[in-house]
1. Could I have the simple spin-label model distance between residue 126 and residue 252, label points 7 Å from Cα toward Cβ, reported in nm to one decimal?
2. Can you compute the charge dipole magnitude of the range 250-313 about its Cα centre, using +1 on each Lys and Arg Cβ and -1 on each Asp and Glu Cβ, nothing else charged? Give it in debye, rounded to the nearest 20.
3. Counting only residues 5 or more places away or on other chains, whose amide H sits under 5 Å from the amide H of residue 206 once H atoms are built in the peptide plane?
4. Of the DSSP beta bridges with both residues in the chain, give the percent that are antiparallel, rounding to the nearest 5.
5. Counting only heavy atoms of the protein chains, get the accessible area per residue of the range 194-264 (1.4 Å probe) and round it to a whole Å² value.
6. Separation between the residue 216 and residue 61 pseudo-spin-labels, each 7 Å from Cα along Cα→Cβ, expressed in nm?
7. If packing is taken as the average number of other Cβ atoms within 10 Å across a peptide's residues, how do 86-92, 161-167, 118-124, 15-21 rank, most packed first?
8. Just to be sure I understand, if you calculate mean projected area of the Cα convex hull in nm² for this structure, which of (1) 20.2; (2) 18.4; (3) 15.5 do you get?
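The values are calculated or read from the model by the stated rules, or taken from the named source; none is laboratory data. Note that the structure is a prediction, hence the values are computed from the model and not measured. Please note: Cβ atoms are built from the backbone with ideal geometry, for glycine as well, and neighbour counts cover all protein chains shown. Each accessible area value is taken on the protein alone, full model and side chains, heavy atoms only, with ligands, DNA and RNA left out. Shrake-Rupley method; radii C 1.70, N 1.55, O 1.52, S 1.80 Å.
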Amino acid sequence: MSTLLEIEGLEVTFGRTAAVRGASFRVERGETHCLVGESGCGKSVSALAVMSLLARGGQRSAKKMSFAGTDLTSLSDREMARIRGNRMAMIFQEPMTSLNPAFTIGSQMAEVMTRHKGGSRAAALDRAAELMARVGITAPGMRLGQFPHQLSGGLRQRVMIAMALMCDPELLIADEPTTALDVTVQAQILRLLAGLKRELGLSILLITHDLGIVARVADHVSVMYAGEVVERAPTAELFRAPQHPYTRGLLSCVPVPGRVQRDRPLGSIPGVVPAIGAGFAGCAFRSRCGHADETCTRAIPRRQAGDAHDYLCRLEPDWAEPQPA
């Protein structure tokens, strides 16, 4: 596999608040890479930084931000606009707020293609109808003339996926694409994304807080906490041998048939993700971690737990949980 997207040392700040702190991850061609963590950990901000769509006041910098060999940090706004929506597309969290309520579905989808590829509006609408059918929308010709409020949540999300595919992107960034959907529609959307990856050779950067989704679709996982990537590993390796206390805490919250005892409560992580200001040092998880000591206030080493598995913690690989008395 060759690397499509490589991020190294990404920093994003909003005033004195550090939203992303030195995040590094890579997405290989043809794979699904998941960013996972609680709300407020910097997952969506990292994706918006890659797309150069940060809100006003946001500042980004990186040691390396490369997409298919192109340095994204060196591009002008005009040059980035040629890539965004064309070679790199994004599905946002809430389709109702991402689609313009004043324009029909057909108008919004056709604009993507005519802007980036040129050609006639009729050809763009034909392409839109073809993709809508491909993502499982019935009667696509009729749907093109409808407005976003006339569609269900599941249909709006399928429209967003079809719109993202209008220009045959190499990278699809999916930001919590199933959050607002019921369980059966979630499963349909996940199957759809997996099928599109196989058929079209897409690379997918999937943002989620749901480890069940990670287990089903991801090839590699980066766990984020308070703006840092605290653990990176192939999916099977992460679930088999998680190393960071935060990762173990997340996994302990997931009910697994055959492993979770019926008479014992699921795990939980006390507290909330802290806001990180200027000058913060040490491990951001220490206030919620049962293994913290005074060394956690100093610089934290990144340790190797395998060939493609590393984590940010003072604890040695394969450290043991204390046994209950």
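1. Inter-label distance under the simple model: 5.9 nm.
2. Working: 8 positive and 5 negative charges, 30 e Å.
Using Cβ point charges on Lys, Arg, Asp and Glu, the range 250-313 gives about 140 debye.
3. 33, 34, 35, 174
4. Numbers: 32 of 51 bridges.
That works out to approximately 65 percent antiparallel.
5. Values: 3190 Å² over 71 residues.
Accessible area per residue, the range 194-264: 45 Å².
6. Going by the 7 Å Cα→Cβ label model, 4.1 nm.
7. Details: 86-92: 21.4, 161-167: 23.7, 118-124: 13.0, 15-21: 18.1.
Packing proxy ranking, top to bottom: 161-167, 86-92, 15-21, 118-124.
8. Among (1) 20.2; (2) 18.4; (3) 15.5, the one calculated here is (2).
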